[in-house]
Each structure stands twice: as C-alpha cells, then as structure tokens.
Amino acid sequence: MRLMWIVGVVVLALALASATPLDSTNPEQETTTGSKTFHAIRAFFRPMTDYLFKKLPSKTPSDVATDVQEKVTDVRQWAEENQMIQSLVSSLAPVKSWIKERANALQDKTFRDMYNDVKERVSDLDQKIGAWIEQHNKQ
C-alpha cells in the first residue's frame, strides 16, 4: 500500500515538474479537431508520458530516484521563487502558530481530560442556546 502511494507521488511529481504550458503554435492542435480540453490535458501530461514510455525503460531505479530528486529540487526552488506561493505561505503563518500553540497546550492532556473539556463546552453551549430559545419563545 505504501509503495503504491510512493509510486503515485513520484509519478505526480514527475508530471507536475515536467509539465510545460500549452503552446498555442502547436501544429498538432491546429491540424486536429475535437475537444480543446482533451488536447490541453494531453499536452500537460505529454512530458510524463514521454518520460514513462521513452526514457524509463532504459533507466535503473537509481536513475529514476535521481530524476525524481532533481525534479523535486526544481519544484522546491520554483516554489521558493514564486511570489504567489510565498504570499500564501506567509499568510498561513498565523494559522501554523495557532495550531502549534494548541498542540503544545494539549500535549500533556489525556484523552479523558480532552473529552471532559469538550463535553463541558458542549453542555455550556447547549444551556446558552436553550436559554436563548426559551427567552425568545416567551416574547
């Protein structure tokens, strides 16, 4: 199961890292008719299919691992240079800090303590909602 997941990640990484944008001067697209979406998807996955069918048969597992490592490094470098991705990462920093704080607060609690805390909060919420509904029903 794990091996299939790793293989899937490797194939996806190769597809994403090797993908090239659809070229509008592509003669194949100009000469064929049919779905533009289909042609775009085909062009997107072409580098991966070329790798799988043309290059992979002559490679060793070590060569494939090296190729994957190079592509992952390229993608990481691209992501570090991409301003939109960096903006997204920096905007998520407060969420990461909040999660880290909550994890630190929970690290010494037992599951029983966490359950009792949730049970108490739900009970309080139930009491408040019930009181609010009763108050509005009397009016």
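Consider Gln77 carefully, then state whether it is among the polar types (S, T, N, Q) and surrounded by 11 or more Cβ atoms within 10 Å (Cβ to Cβ).
Details: among the polar types (S, T, N, Q): yes; surrounded by 11 or more Cβ atoms within 10 Å (Cβ to Cβ): no.
Judged against the criteria, Gln77 is not a match.
Which condition from (1) surrounded by fewer than 10 Cβ atoms within 10 Å (Cβ to Cβ); (2) over 19 Å from Arg46 (Cβ atoms); (3) of a type outside the set (Asp, Glu) is the one that Pro57 breaks?
Checking Pro57 against (1) surrounded by fewer than 10 Cβ atoms within 10 Å (Cβ to Cβ); (2) over 19 Å from Arg46 (Cβ atoms); (3) of a type outside the set (Asp, Glu), the one that fails is (2).
For every residue, the table says whether it meets (1) among the β-branched types (Val, Ile, Thr); (2) touching a helix residue (DSSP H, G or I) at 6+ places or on another chain (Cβ under 8 Å); (3) part of a helix (DSSP H, G or I).
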| residue | (1), (2), (3) |
| --- | --- |
| Ala43 | no, yes, yes |
| Thr49 | yes, no, yes |
| Asp67 | no, yes, yes |
| Lys71 | no, yes, yes |
| Gln77 | no, no, yes |
| Ser90 | no, no, yes |
| Ala105 | no, no, yes |
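Show the residue pairs meeting these rules: Cβ distance below 9 Å; 6+ apart or different chains; first residue within region 51-80 and modelled with pLDDT under 90; second residue of a type in the set (Ser, Thr, Tyr) and not in a helix (DSSP H, G or I).
Once the first residue is modelled with pLDDT under 90 and sits in region 51-80, no partner that is of a type in the set (Ser, Thr, Tyr) and not in a helix (DSSP H, G or I) comes close enough.
The values are calculated or read from the model by the stated rules, or taken from the named source; none is laboratory data. The model shown is predicted, which means the values in this text are computed figures rather than measured ones. Every residue, glycine as well, gets a Cβ built from its backbone with ideal geometry; the counts of neighbours run over all protein chains shown.
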